[in-house]
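Here's the structure, in structure tokens; my notes come after.
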Amino acid sequence: MKQPDDLIKQMQDGDEKAFSSLYHMYCNAIQGVILSIVREQETAEEVLQDVFVKVWTRRQSYQVGKGRFYTWLLNIARNTAIDKTRSKAYKNANKNLSPENFVNIIVARDDVSSKMDTIGIKKFIASLQPICIELIDLLYFKGFTQAETAKNLDTPLGTIKTRARNCMKQLRKIVLDK
């Protein structure tokens, strides 16, 4: 998808109609990413609203020369969703889940294929090395921190950081070359 530079500029100038158009262009993909992290539809909708409030209030901080708008938006969404899962209220609300929910959480947490397809990058990620697929899944789709990923994979934190950076460079190259 070509970046809508005109809409972005209009939004940065305070045009609410342009902001609404950008919202409709990106809301489904962003909600898919959020849902893969928070795993609850209602919470995902709340976080989506928070994300776009942040986008509007921080609209001047986006700079075309520093990266694509979608990447900027995705980072805001990912960080907001992770912050939500780390909040005390979220943790307390999820303490007393019924046994049926545990099955759904386990299944949803491992359903990488549908998560990747939600934002349309499944074909790009599939062309990466298996370690990159696993790292991207843990770090970006499941919302693990680098430290949690290192512990999960029984790998030194420095190695995880280096591999994640290299994998994202490979993914960026694949996406931009297509």
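The values are calculated or read from the model by the stated rules, or taken from the named source; none is laboratory data. Being a predicted model, the structure only gives us computed values, none of them experimental. Using ideal geometry, Cβ is built from the backbone for each residue, glycine included, and neighbour counts are taken over all protein chains shown. Side chains included, ligands, DNA and RNA excluded: accessible areas come from the protein's heavy atoms. Shrake-Rupley method; radii C 1.70, N 1.55, O 1.52, S 1.80 Å.
Where only protein heavy atoms count, and the probe is 1.4 Å, what is the accessible area per residue for region 12-52 in Å²?
Values: 2020 Å² over 41 residues.
Per residue, region 12-52 has 49 Å² of solvent-accessible surface.
Computed FRET efficiency, Cβ-Cβ of ARG59 and ALA147, R0 25 Å: what is it to the nearest 0.05?
0.20
For the pairs LYS123/LYS161; LYS84/LYS161; LYS2/LYS173; LYS84/LYS142; LYS66/LYS142; LYS123/LYS173, flag any whose C-alpha to C-alpha distance is greater than 18 Å. Where the Cα-Cα span goes over 18 Å, the pairs concerned are LYS123/LYS161; LYS84/LYS161; LYS66/LYS142.
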